[in-house]
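The structure appears right after this line, and notes come after that.
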2 protein chains.
Amino acid sequence: MAERGFAKFSAREAARRAGYSVGTIYNVFGGLDAYLIAINSQTFRAWSEGLEAALAGSTGDDDARIIALVRAYFAFAEANRNAWMAIYDHRIDRSQAIAKQDEAAREALTGIVDREVTRWLGRGDAADADATRRLVRSLIATVHGHCALWLSGSYALMREEDPAGQALARVFEALSAHRG
Amino acid sequence: MAERGFAKFSAREAARRAGYSVGTIYNVFGGLDAYLIAINSQTFRAWSEGLEAALAGSTGDDDARIIALVRAYFAFAEANRNAWMAIYDHRIDRSQAIAKQDEAAREALTGIVDREVTRWLGRGDAADADATRRLVRSLIATVHGHCALWLSGSYALMREEDPAGQALARVFEALSAHRG
DNA sequence: CCACACAACTAAACAGTGTTCAATTAAAAA
DNA sequence: TTTTTAATTGAACACTGTTTAGTTGTGTGG
C-alpha cells in the first residue's frame, strides 16, 4: 500500500509478496474490506505514535505544543503519502461494523487532539466539555482539509509553500476565539 | 458515477449504457483518466452553478452571502454525494496536462470564493491581494475538510449534526481576524 | 453514380482483478 | 497410529482496463 497507493493496490499481489495465496487473505481477514481496514489501522497507529513523539519532544509553551502537533500531522502525511491517503481512499461500508481494535486505533488520534486542545484552552469546565468536543472535531477537519488538498494537489493550492502554516493560522484563530 | 460511486464505477458499463462499445471511450477521450476528468469537470460546473444560484437568491448583508455560499457548498455535496466524492477520489497524474476547458471548470469554483471573500473583506488593496488569495485557498481547505469528513463518515464526526455550521464558525473566525 | 478516403465504431484478445469454494496439506488430539 | 481440526491452495467465475485489427457508415471528388 505504501509503495503502490490505494488505486494500484492489489490484494492478490500483497498475498503473493507475503508468500501466500489469495484465498488466505479471505480466510484470515474475512474479506477485502476487513483487510484494508487492518492495513489502515496500522497506519493510524504509526501516525498516533508520530504525533506523541513530536509532543514529547516539545519543550516550549502551550502554543508550541499545538504547533508541534499540527506540524507532525503534516510531516507524517507527507512522509507516508500513499498510506495516509489510503485511509481516506477506502470508503467503509457503514453497514458492517469494524473490529474493536481498529476502532480504537482510529479514535486514539482524536484523543490526542482532544487532550492537547483541552490543555491549551486551560482547565475546561465540565459544562464546556461538549463545546470543546465539537471544536476538536472541527479543528481536525480544518487541518485535514489543508493536508488533503495539499497532498492531492487539488485546486491551485500548490502555489502555497506552507499549507501547514495556513492550517496553524486557522487553528489558532479558532482556539483564540474559544478561550476564556 | 452518480449512482454507483467512484469505486464501483466501470467505464465498460458506462459505455454499454450509452449504447457504445468500450473502445469508443478511448477513441473519444483518449484514455480513462481523461474520461474521468471530463465527468468530474461536469460535476464542477454543476457545483459552481449551484453556488451562484444560491448567491443570487441571497438578499441579506455580506455575512448572509458567506453563509449562503458555504451552505450551498454542503448542500451540493450532500445532494450529489457520489459525484462530489469522485472529484477527490480520482487522483490525477500530474505528469499529463488536463484540457483547458476542464482546468477552467475547476478554477471557476475558486474564483467564486475569491470574489465573495474579497467582497466581505471590503475593498481589498492591491497590496493585500496575495494575502487574500492565500486566505481564500485556506478557507476552501477548511470547508472542504469539514465536508469531506462529514460525507465519508470518518472520525466520530458523525455525532455532529451541523458540520456546515462548524465550518461557518471557523470561516467567520478567520475572516474576522483578517478584516481591516 | 461510383470509387475513394476518412471518421466512427466494434469485437476480440490480453493481462489483470476480487471472490468463492472444493480439495489438499500440515498440525494436533485421541 | 488414526482421526480430527486448522491452514492453505489453486482453479474457476465474472468482472475490469487497455490495445488493436477490422468493420461499418458517411461524405467528397471525379
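Laboratory data are not the source of any read-out in this text; all were calculated from the coordinates shown. It should be emphasised that the depicted structure is a prediction, and the values quoted were computed from it without experimental measurement. All Cβ positions, glycine included, derive from the backbone under ideal geometry; neighbour counts span all protein chains shown.
Tell me, what is the FRET efficiency for B:Thr132 and B:Asp93 to the nearest 0.05, using R0 = 51 angstrom and their Cβ-Cβ distance as r?
My answer for the efficiency is 0.95.
Counting partner chain Cβ atoms within 10 Å of every residue's Cβ in A:81-88, what's the average?
Whole-number average of other-chain Cβ neighbours for A:81-88 is 1.
As a check on your reading of the symmetry: which chain A residue has its Cβ nearest the axis that brings A onto B, and how far is it in Å?
Nearest residue, distance rounded to whole Å: A:Gly145, 1.
Taking every residue in B:10-20, how many Cβ atoms of other protein chains lie within 10 Å of its Cβ, on average?
0
For segment B:105-168, what does the alpha-carbon gyration tensor say about shape, rounded, prolate or oblate, given a ≥ b ≥ c as the root eigenvalues, a/c under 1.5 as rounded, and a/b over b/c as prolate?
In terms of gyration-tensor shape, prolate.
So how far apart, in nm, are the two label points at A:Thr24 and B:Ala64 if each is 7 Å from Cα heading toward Cβ?
6.6 nm
What would the Debye formula give as log10 I(q)/I(0) at q = 0.09 Å⁻¹ for the alpha-carbon point model of the protein assembly as shown, no solvent?
Log-scaled intensity ratios, in q order: -0.54.
B:Met158: net charge of surrounding residues, Cβ under 11 Å, Lys/Arg +1, Asp/Glu -1, itself excluded?
Taking every Cβ under 11 Å from that of B:Met158, the sum is +1.
Most fluctuating residue of A:Leu51, A:Leu157, A:Leu109 in a GNM of chain A with Cα springs under 10 Å: which is it?
A:Leu157
With an 8 Å cut-off on Cα pairs and a minimum separation of 6 or more residues, tell me the relative contact order of chain B in percent.
24 percent
Arrange B:Thr118, A:Thr142 by Cβ neighbour counts within 10 Å, fewest through most, would you?
B:Thr118, A:Thr142
Run the helix sum for the protein assembly as shown: -39,500 (n - 2.57) per DSSP H stretch of 4+ residues, divided by residue count, reported at 222 nm to the nearest 500 deg cm²/dmol.
Working: 16 runs with 257 residues, N = 360.
It lands at -23500 deg cm²/dmol.
Going by a ≥ b ≥ c, the root eigenvalues of the Cα gyration tensor, does segment B:44-146 fall in the rounded group (a/c under 1.5), the prolate group (a/b larger than b/c) or the oblate group? Mind dumping the intermediate values first?
On the way: a/c = 2.00, a/b = 1.26, b/c = 1.58.
Verdict is oblate for segment B:44-146.
Treating the point 7 Å from Cα along Cα-beta-carbon as the label, what are the nm separations from B:Ala46 to the other copies, to one decimal?
With the label placed 7 Å along Cα→Cβ, B:Ala46 yields 3.8 nm.
Using only the Cα atoms of chain B, build the gyration tensor, take square roots of its eigenvalues as a ≥ b ≥ c, and label the shape rounded, prolate or oblate: rounded if a/c is under 1.5, else prolate if a/b is larger than b/c, else oblate.
prolate
Per residue of B:129-138, what is the mean number of Cβ atoms on other protein chains within 10 angstrom of that residue's Cβ? Before the final figure, lay out the partial values.
Working: counts 0, 1, 0, 0, 3, 9, 3, 1, 11, 12.
Shielding by partners across B:129-138 averages 4.
Count neighbours as other Cβ atoms within 10 Å of each site's Cβ, and list the GluC sites (Glu not before Pro) in segment B:1-64 that are DSSP loop with at most 15 such neighbours.
B:Glu3
Report the longest stretch of chain B that contains none of the trypsin sites (Lys or Arg not before Pro) sitting in a DSSP loop with at most 12 other Cβ atoms within 10 Å. Don't jump to the answer; show the numbers that get you there.
Numbers: sites that count: B:Lys8, B:Arg94, B:Arg123, B:Arg179.
Result for the longest clean stretch: B:9-93.
Rounded to whole Hz and in sequence order, give me ³J(HN,Hα) for segment B:41-47 from the Karplus expression 6.51 cos²θ - 1.76 cosθ + 1.60, θ = phi - 60°, writing x for Gly and Pro.
5, 5, 4, 4, 5, 4, 5
Apply the Karplus curve 6.51 cos²θ - 1.76 cosθ + 1.60, θ = phi - 60°, to the phi angles in segment A:53-69 and return the couplings in whole Hz, x for Gly and Pro.
4, 5, 5, 5, x, 9, 9, x, 7, 5, 4, 4, 5, 5, 4, 4, 5
Give the nm distances, rounded to one decimal, from A:Asp130 to the matching residue in every other copy, measuring between label points 7 Å along Cα toward the beta carbon; shortest first.
4.6
Gap in Å between the Cα centre of segment B:43-106 and the Cα centre of segment A:1-48?
Between the Cα centres of segment A:1-48 and segment B:43-106 lies a distance of 34 Å.
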